[in-house]
Amino acid sequence: MHKFIQALGGAIVLVGLLVAGAALSRQSGVATNTPMMGLLIAAAIALPGAVLYCFGAIVEHLIAIRQNTERQLVIFESLGKKRDV
C-alpha cells in the first residue's frame with residue numbers, strides 16, 4: 001500500500017511540474033495573469049504530492065524498522081538460550 005501512496009504522490013508532483021512548465025510557456029493555455037501566479041498554482045499542486053510521497057516513505061521505513069527488530073529479537077533469544085545451556 002505504501003508503494004501505491006508513493007506512486008500517487010510522485011504522479012501529483014509530476015502534474016505540478018507540468019503545470020509549472022505550462023505557466024512558464026509563452027503559448028500556454030493556462031488562464032493566469034502572470035507566470036508567478038501559475039508557479040504558485042503549480043506549487044499548490046506539487047507540495048501536497050511531495051508530502052504524500054514522504055508519508056509513503058515514512059511508512060516504508062517503519063515497516064523496515066519493525067522487520068529488523070523482529071530479526072534482532074530472534075538473534076537475542078537464540079543468544080539467551082545458548083547461555084542457559
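Points to keep in mind about this one:
- In degrees, nearest ten, helix 35-84 long axis to first principal axis of the chain (Cα): 0
- Taken about its Cα centre, the chain carries a charge dipole of roughly 180 debye when the Cβ of each Lys and Arg holds +1 and the Cβ of each Asp and Glu holds -1.
- If the segment from K81 to A50 were pulled out straight at 0.36 nm per residue, it would be longer than the present Cα-Cα gap by 6.5 nm.
- In a DSSP loop and with at most 15 other Cβ atoms within 10 Å, there are no chymotrypsin sites (Phe, Trp or Tyr not before Pro) in the stretch 1-82.
- Each stretch of four or more DSSP H residues adds -39500 (n - 2.57); spread over every residue of the chain, this sum gives -31500 deg cm²/dmol at 222 nm.
- Nearest-ten-degree value, helix 2-24 long axis tilted from longest Cα axis of the chain: 20
- Portion, in percent, of the accessible area of the stretch 41-85 that falls on carbon or sulfur, probe 1.4 Å: 70
The values are calculated or read from the model by the stated rules, or taken from the named source; none is laboratory data. These figures come from a predicted structure and were not determined experimentally. Virtual Cβ from ideal backbone geometry, glycine too; neighbours counted across all protein chains shown. Accessible surface areas use protein heavy atoms only, side chains included; no ligands, DNA or RNA. Shrake-Rupley method; radii C 1.70, N 1.55, O 1.52, S 1.80 Å.
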